[in-house]
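Participant: I am attaching a structure below and will ask some questions about it afterwards.
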Amino acid sequence: MSRSDERGPKRTENPSHRWFDEVFPETVRCGLWGRCVHEEQTPYQKIQIIENEIFGRTLLLDGLYMSSEADDFYYHEMLVHPALVTAPRIRRVLVIGGGDGGAIREVLRYPEVDEVVMVEIDARVVEACRRYMPAVGGPAWEDPRLRLIFADAVEWVRQKDPEPFDVIFLDGSDPVGPAKGLFGAAFYRDCARLLAPDGVLTAQSEAPFFMRAVFSEIVRTLRQVFGRAHPYLGGVPLYGTVWSWTYASRRVDPMAIDDARMAHAERFTRCYDREVHRAAFVLPAELRRELA
């Protein structure tokens with residue numbers, strides 16, 4: 001078999017198809033060949049949903065790849081489940097961002113969750129994903145436990161003083177445009193104020209190879225705010241690289257797995273399980289040295 005035969009579907013030569021490239025960083029270009037099924041400019045960002053033979057429907061915000069129908073579980077399972085199988089309680093959950101619906105889909109799989117508050121700045125992202133990528137959010141959008149709020153999360157967490165949340169997920173896009181404010185110490189302190197004393201916060205923390213400075217700054221800042229923060233890694237095919245998330249808590253050990261919750265998660269997860277959980281927190285030596 002030739003190498004070309006091993007690469008999957010051939011590129012469709014069609015006038016409606018073109019390359020959709022993400023420059024990441026300025027010396028690396030990654031792209032998908034496909035057709036655009038939806039495009040609009042909102043007051044906050046440019047939304048594109050394209051269709052690719054391997055990834056299916058795929059969401060881009062301001063030209064940056066966010067999620068796809070084919071592989072979103074690699075990202076969302078790793079964002080959500082490490083916190084939910086270790087937090088002492090998971091009754092109230094806050095999701096910042098996450099307009100594609102993948103994070104709330106995973107959170108709402110747990111019957112122990114009574115309420116999920118989702119704060120998303122751009123209603124058009126939710127509307128476009130519900131229409132063009134309905135499988136990503138699935139039934140989560142209609143779950144009565146979901147309370148969807150369209151607001152600037154930076155302002156929302158600064159002003160709110162509700163009953164504490166047991167778990168908070170920061171599922172913003174890259175630290176540019178409307179998501180830029182979700183990566184600073186002031187925002188993390190406001191989130192910590194909304195979190196129960198033994199709560200858990202998990203943030204997506206970028207690609208440690210391509211965005212090393214941003215990754216390191218996120219981890220160090222979360223450690224300043226919470227005292228402890230543990231980055232962990234996983235592969236996301238759409239991103240074409242190793243991705244990171246960071247687990248922060250004042251009191252909770254990320255290895256303190258609740259066996260019943262883990263058994264529940266393993267009944268439906270496709271990427272995440274107990275072995276992946278343990279391995280994800282083992283960082284390459286160079287990252288350990290940099291963060292020491």
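Participant: Compute the relative contact order of the chain as a whole-number percentage, counting only Cα pairs closer than 8 Å that sit 6 or more residues apart in sequence.
Facilitator: It comes to 16 percent, rounded to a whole number.
Participant: If each residue of separation counts as 0.36 nm, what is the full-extension length gain between Arg189 and Asp152 once their alpha-carbon separation is subtracted?
Facilitator: Additional length available on full extension: 11.7 nm.
Participant: Report the longest stretch of the chain that contains none of the GluC sites (Glu not before Pro) sitting in a DSSP loop with at most 15 other Cβ atoms within 10 Å.
Facilitator: Here the longest run is 113-292.
Participant: How much of the pair distance distribution for segment 109-232 lies past 23 Å, counting alpha-carbon pairs only, in percent? Please report the intermediate quantities before stating the final value.
Facilitator: Details: 2843 of 7626 pairs.
Taking all Cα-Cα pairs of segment 109-232, the fraction more than 23 Å apart is 37 percent.
Participant: A further question on this structure: Classify segment 48-190 as rounded, prolate or oblate from the Cα gyration tensor: take a ≥ b ≥ c as the square roots of its eigenvalues, call it rounded if a/c is under 1.5, otherwise prolate when a/b beats b/c and oblate if not.
Facilitator: Working: a/c = 1.74, a/b = 1.26, b/c = 1.38.
Oblate is the answer for segment 48-190, as a/c is 1.5 or above yet b/c matches or exceeds a/b.
Participant: Which listed residue (Ala186, Ala196, Gly102) has the Cα farthest towards the positive end of the charge dipole for segment 92-244, taking +1 on Lys and Arg C-beta and -1 on Asp and Glu C-beta about the Cα centre?
Facilitator: Toward the positive end, the furthest listed residue is Ala186.
Participant: May I pose another question? Convert each backbone phi in segment 51-63 into a coupling constant with the Karplus relation 6.51 cos²θ - 1.76 cosθ + 1.60 (shift: θ = phi - 60°), then list the ³J(HN,Hα) values in order as whole Hz, x for Gly and Pro.
Facilitator: For segment 51-63, the Karplus-derived couplings read 10, 10, 5, 8, 8, x, 5, 9, 9, 10, 10, 6, x Hz, x marking Gly and Pro.
Participant: Once amide H atoms are placed 1.01 Å from N in the peptide plane, what residues at a sequence separation of 5 or more from Val37, or on another chain, have their amide H within under 5 Å of its amide H?
Facilitator: Ile49, Ile50, Glu51
Participant: Looking only at Thr241, Thr27, Thr269, which one moves most when the chain is put into a Gaussian network model with springs between Cα atoms under 10 Å?
Facilitator: Thr27
Participant: Please report Rg over Rh for segment 6-115, where both radii come from the alpha carbon positions and Rh follows the Kirkwood definition.
Facilitator: Values: Rg = 17.0 Å, Rh = 16.1 Å.
We get a ratio of 1.06 for segment 6-115.
Participant: Tell me the Kirkwood radius of segment 167-292: reciprocal of the mean inverse pair distance over distinct alpha-carbon atoms, in Å.
Facilitator: It is 15.3 Å.
Participant: At a Förster radius of 35 Å, what calculated FRET efficiency corresponds to the Cβ-Cβ distance of Val37 and Glu115, to the nearest 0.05?
Facilitator: 0.55
Participant: Given axes a ≥ b ≥ c from the Cα gyration tensor, I'd like to know whether segment 95-162 is rounded (a/c under 1.5), prolate (a/b larger than b/c) or oblate. If you can, show how the numbers build up before the last one.
Facilitator: Numbers: a/c = 2.52, a/b = 1.19, b/c = 2.11.
Oblate, because a/c is 1.5 or more while a/b does not exceed b/c.
Participant: For Arg124, Arg267, write out the residues from largest to smallest accessible area, computed with a 1.4 angstrom probe and no ligands counted.
Facilitator: Working: Arg124 85, Arg267 175 Å².
Ranking Arg124, Arg267 by accessible area, largest first, yields Arg267, Arg124.
Participant: Of Thr86, Val125, Tyr75, which is farthest on the positive side of the dipole of segment 67-156, counting Cα position, with +1 on Lys and Arg Cβ, -1 on Asp and Glu Cβ, and the Cα centre as origin?
Facilitator: The residue sitting most towards the positive pole is Thr86.
Participant: Quick one: which residues, 5 or more positions from Gly98 or on another chain, have an amide H under 5 Å from its amide H? H modelled 1.01 Å from N in the peptide plane, none for Pro or chain starts.
Facilitator: Long-range HN contacts for Gly98: Asp171.
Participant: Also, I was wondering about something else. Amide H to amide H under 5 Å from Gly31: which residues, 5+ apart in sequence or cross-chain, H placed 1.01 Å off N in plane?
Facilitator: Glu22
Participant: Taking 22 Å as R0, compute the FRET efficiency from the Cβ-Cβ separation of Arg212 and Asp273 and round it to 0.05.
Facilitator: 0.15
Participant: What percentage of the solvent-accessible surface of the chain, computed with a 1.4 Å probe over protein heavy atoms, is contributed by carbon and sulfur atoms?
Facilitator: Summing carbon and sulfur atoms, their accessible area is 51 percent of the total for the chain.
Participant: Once fully extended, how much extra length lies between Val282 and Gln224, figured as 0.36 nm per residue of separation less the alpha-carbon to alpha-carbon distance?
Facilitator: Difference between extended and current length: 18.8 nm.
The values are calculated or read from the model by the stated rules, or taken from the named source; none is laboratory data. If you're wondering where the values come from, they're calculated on a predicted model, not measured in any experiment. FYI the Cβ positions are ideal-geometry reconstructions off the backbone, even for glycines, and counts take in every protein chain you see. Note: accessible area is taken over every heavy atom of the protein model, side chains too, but ligands, DNA and RNA are not part of it. Shrake-Rupley method; radii C 1.70, N 1.55, O 1.52, S 1.80 Å.
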